[in-house]
Structure formats: structure tokens, C-alpha cells
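The values are calculated or read from the model by the stated rules, or taken from the named source; none is laboratory data. If you're wondering where the values come from, they're calculated on a predicted model, not measured in any experiment. Methodologically, a virtual Cβ is constructed for each residue, glycine included, from the backbone with ideal geometry; neighbour enumeration extends over all protein chains shown.
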Amino acid sequence: MTLGLGAFSLSLVPRTSMVEIAQAVGAFAIAFFYIAMIWIIHSRFFENYPLYDNAFLALNFVILFLVAISPFLMQGFSMSPDFADAMSILFALDIMGIYAILGVLHQRYIRQNKGRLKAEEIREVKLDRNMQFIISVWFLISAVMPTQYRFIFWMLLAPIPPIYRHCIGPLHVK
């Protein structure tokens, strides 16, 4: 739904040049990639790590809110140069927050199931948790860089999760 809203938002602001169209589509592509990654991580978390309590529910609602506002933020940083810096900082903090919460959920699962999990299962959950925190810090760092480098920095992140997974082995093996 969020990605659909983001795509719809591309048509809300009239574009007058190819550069503006390219900027809007580029901004959407970045948002699409990270929202898709969040969806995959979130889905895999629930498939592999049952965790259901009030804190979990509250964190899940925060993730839902942050994902829901991402199309607005994405649209904002592609609208005009006046908004690009502030909105892209907010987008970076939004995505940072989502990944940080995903990392916290992984840590909560480890704590709640420590005596019941095998060493290999704990290793896999910790590796997933670490990746979420790495991505979160990546977006935090991007929030303090100049705008022109921020987008490049986000694109440089794309190959890191697959490389990380290749180096440490397959995750979620049952």
C-alpha cells in the first residue's frame, strides 16, 4: 500500500522538465528499494521468530507509522530544492528508525528465548539484528551529510546486505 501511495504521489505535483521527472522517479526508486527491503525483513522476522507481547505490538505500530509516512517524505524531497534537504533528512531518519526498531525486535526475541534457542539459532538472529543496526547507523550518518552525497550514500548501501549475507552464510535456514 505504501509503495502504491508513493507511486501515486508522483502524479500529484506537476513536473515541467525531464530533470524534475528523473528526480521524482529516482527518489521513488530509492524509497521503493528500502520499503521493499523492510517488507522482506519484516515478513521473514514473523515467519521465523514468533514474538507477541504488548511491547512488540507497540513497536510494530511505530514501524507501520514510519512506513506509512515514507511516501510523503519521499515526495517532499523530490518536489523542490527548497524542501529537498529537510525532507531527505527526515526520510533518512524515518528509514533509520524502522531499521533500528527491527534490530530491537530481533534483540527482544533473543532475550525472550535465550534458554530455548540453539547456539546456531542465536547466531542467526544476532546476525540479522546486527545487519538492521548497521543499516540504521548508515541512514543516521546520511542524515548529517550534504544532500548531494546523501543520495549516493543511500545507493552505496544496496549491495551491503547481500555481501554481508554471503560472507556470514545463509540466514533463516531451518
Practice prompt. Tell me which residues, restricted to region 122-147, are loosely packed, with under 15 Cβ neighbours inside 10 Å and among the charged types (D, E, K, R).
Written response: Arg123, Lys126
Worksheet entry | Residue check, Phe151 out of contact with any Ser or Thr (no Cβ under 8 Å at 6 or more places or on another chain) and either on the phi < 0 side of the Ramachandran plot or in contact (Cβ under 8 Å) with a residue 24 or more places away in the chain (or both) | no
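Tally the residues that are part of a helix (DSSP H, G or I) and surrounded by 12 or more Cβ atoms within 10 Å (Cβ to Cβ), restricting the search to region 37-53.
So in region 37-53, the residues part of a helix (DSSP H, G or I) come out as 37-48.
From what is left, the residues that are surrounded by 12 or more Cβ atoms within 10 Å (Cβ to Cβ) are 37-39, 41-42, 44-46, 48.
Result for region 37-53: 9.
Only one of Leu66, Leu90, Leu73 is within 22 Å of Phe151 (Cβ to Cβ), touching a Gly at 6+ places or on another chain (Cβ under 7 Å) and aliphatic (A, V, I, L, M); which?
On the way: Leu90 fails: touching a Gly at 6+ places or on another chain (Cβ under 7 Å); Leu73 fails: touching a Gly at 6+ places or on another chain (Cβ under 7 Å).
Exactly one residue qualifies, and that residue is Leu66.
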Worksheet item: If you take the residues in region 59-70 that are closer than 14 Å to Tyr99 by Cβ and not polar (S, T, N, Q), which one is surrounded by the fewest Cβ atoms within 10 Å (Cβ to Cβ)?
Response: Val62
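Against the condition modelled with pLDDT of 80 or more and surrounded by 13 or more Cβ atoms within 10 Å (Cβ to Cβ), how does Phe56 come out, does it pass? Spell out how you get there, then give the answer.
On the way: modelled with pLDDT of 80 or more: yes; surrounded by 13 or more Cβ atoms within 10 Å (Cβ to Cβ): yes.
Taking the combined requirement at face value, the residue satisfies it.
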Discussion item. Being at pLDDT 90 or above and either of a type in the set (Val, Ile, Thr) or touching a Lys or Arg at 6+ places or on another chain (Cβ under 9 Å) (or both) narrows it down to one residue among Ile152, Ile101, Ile168; which is it?
Written reply: Ile101
